[in-house]
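Q: Below are the structure tokens for one structure; questions will follow.
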Amino acid sequence: MRKKIVAGNWKMNMTPTETKELIAKLKDKCNTDEVDVLFVVPSIDVTTAYECLKGTKIKLGTQNFYFEEKGAYTGEISAKMIIDAGAEYVIIGHSERRGIFKEDDEMINKKLIASHKFGLKPILCCGESLELREKGTYKAFIEGQIKSAFNGIDKNQAVNTVIAYEPIWAIGTGKTATSDEAEEVCKFIRDVIKALYDESVANAIRIQYGGSVNAGNAKEIFSKEDIDGGLVGGASLKEDFINIVHY
Ligand code: 13P
């Protein structure tokens with residue numbers, strides 16, 4: 001049985017002071033181990049969040065890092081810094097990083113390899129644009145994203161990767177994929193993983209859905225066979241997140 005993972009991606013929201021306030025509102029009611037609960041905060045908030053979450057079961061992640069170990073990379077942060085500050089997880093390949101910050105498949109592959117090498121647990125995002133959805137070529141596109149990202153990743157590392165399927169047209173738009181649309185792609189991704197590795201890896205790997213998840217639609221989406229929880233943007237900044245965790 002795969003354990004569900006419900007993660008809040010705070011994106012570029014919350015100062016350290018606001019982080020304390022939000023965690024104070026959420027932590028008691030999100031403190032469960034029925035599902036893995038994860039707050040994915042801006043890197044400047046990790047230390048504060050770590051202190052606030054001490055003694056709870058809530059896990060901590062951040063939204064980006066650079067694949068090199070250390071050195072002259074002005075403005076970047078390393079896996080070691082993130083781990084030392086108290087976070088375990090990192091998001092890789094979010095569509096906002098691919099789109100706005102021009103991260104390509106090669107960069108995302110290097111980051112996935114580096115996350116495992118340095119001991120950060122990755123949440124690898126994939127997902128198609130509205131144009132590809134309407135053209136009907138979205139599955140081939142997603143297959144390409146997954147194959148490229150997992151190049152050089154061994155079986156054990158693959159099992160310890162979380163995949164988040166986030167159709168770009170559903171992010172921040174209030175237009176969620178239907179539970180059937182989300183399930184179709186999550187199942188497809190599992191089949192791609194099976195072809196790359198084997199059935200045991202495909203059965204073990206966790207695949208989330210992300211894109212306008214809220215307290216009203218979480219239960220239906222997370223109840224699908226191949227959907228192992230969600231990556232939640234806007235609704236993770238509100239008390240709504242409590243209801244999503246307890247979907
Ligand atoms: P929204 O839940 O705000 O649509 O964001 C989804 C997302 O991008 C999570 O990573």
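The values are calculated or read from the model by the stated rules, or taken from the named source; none is laboratory data. Everything numeric in this text was worked out from a predicted model, so none of it was measured. Note that each Cβ is placed from the backbone with ideal geometry, even for glycine, and that neighbours are counted across all protein chains shown.
Q: For region 204-217, which positions are surrounded by fewer than 24 Cβ atoms within 10 Å (Cβ to Cβ) and touching a residue at least 40 places away in the same chain (Cβ under 8 Å)?
A: ALA204, ILE205, ARG206, SER212, ASN217
Rundown of residues vs (1) out of contact with any Phe, Trp or Tyr (no Cβ under 9 Å at 6 or more places or on another chain); (2) away from the ligand (no atom under 11 Å from the Cβ), yes/no style:
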position	(1), (2)
ILE163	yes, yes
GLU166	no, no
ALA177	no, no
CYS186	no, yes
ILE189	no, yes
LYS194	yes, yes
VAL201	yes, yes
VAL213	no, no
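Q: If the requirement is being farther than 19 Å from PHE150 by Cβ, in contact with a Ser or Thr (Cβ under 9 Å, 6 or more places away or on another chain) and acidic (Asp, Glu), which of these qualifies: GLU183, GLU220, GLU225?
A: GLU220
Q: Looking only at region 129-140, decide whether some residue is within 19 Å of the chain's Cα centre (by Cα) and either basic (Lys, Arg) or crowded, with 17+ Cβ neighbours inside 10 Å (or both).
A: no
Q: Another question, if that's okay. Which of the numbered conditions does GLY172 fail, given that it passes all the others? Conditions: (1) surrounded by fewer than 22 Cβ atoms within 10 Å (Cβ to Cβ); (2) over 16 Å from the mean Cα position of the chain (by Cα); (3) within 15 Å of the ligand (Cβ to nearest atom).
A: Among (1) surrounded by fewer than 22 Cβ atoms within 10 Å (Cβ to Cβ); (2) over 16 Å from the mean Cα position of the chain (by Cα); (3) within 15 Å of the ligand (Cβ to nearest atom), the lone unmet condition for GLY172 is (2).
Q: If you don't mind, there's one more thing I want to ask. Among the residues of region 45-93, write down those that are within 16 Å of the ligand (Cβ to nearest atom) and among the hydroxyl-bearing types (Ser, Thr, Tyr).
A: THR62, TYR89
Q: Only one of ALA24, ALA7, ALA72, ALA85 is over 19 Å from GLY211 (Cβ atoms), surrounded by 18 or more Cβ atoms within 10 Å (Cβ to Cβ), at pLDDT 95 or above and among the small types (Gly, Ala, Ser). Can you tell me which?
A: Residue meeting the stated conditions: ALA85.
Q: Could you list, in sequence order, all residues of region 218-239 that are crowded, with 17+ Cβ neighbours inside 10 Å and not in a loop (DSSP other than H, G, I, E, B)?
A: Within region 218-239, ALA218, ILE221, PHE222, GLY229, GLY230, LEU231, VAL232, GLY234, ALA235, SER236, LEU237 meet the criteria.
Q: Given the condition on the phi > 0 side of the Ramachandran plot, surrounded by 16 or more Cβ atoms within 10 Å (Cβ to Cβ) and modelled with pLDDT of 95 or more, answer yes or no: does some residue in region 40-51 qualify?
A: Taking every residue of region 40-51 in turn, none turns out to be on the phi > 0 side of the Ramachandran plot, surrounded by 16 or more Cβ atoms within 10 Å (Cβ to Cβ) and modelled with pLDDT of 95 or more.
Q: Being away from the ligand (no atom under 15 Å from the Cβ) and under 20 Å from TYR247 (Cβ atoms) narrows it down to one residue among GLU220, GLU181; which is it?
A: The match here is GLU220.
Q: In addition: Taking region 108-127 as the region of interest, how many residues are assigned to a strand (DSSP E or B) and either within 14 Å of the ligand (Cβ to nearest atom) or crowded, with 24+ Cβ neighbours inside 10 Å (or both)?
A: Adding up the residues that qualify gives 5.
Q: Among the residues of region 1-44, write down those that are free of Cβ contacts under 8 Å to residues at least 40 places away in the same chain, in a helix (DSSP H, G or I) and within 16 Å of the ligand (Cβ to nearest atom).
A: Once the filter is applied, which keeps residues that are free of Cβ contacts under 8 Å to residues at least 40 places away in the same chain, in a helix (DSSP H, G or I) and within 16 Å of the ligand (Cβ to nearest atom), region 1-44 yields nothing.
Q: Going through region 54-107 one residue at a time, which ones are small (Gly, Ala, Ser) and assigned to a loop (DSSP other than H, G, I, E, B)?
A: Matches in region 54-107: GLY55, GLY71, ALA72, GLY75, SER78, GLY86, ALA87, GLY93.
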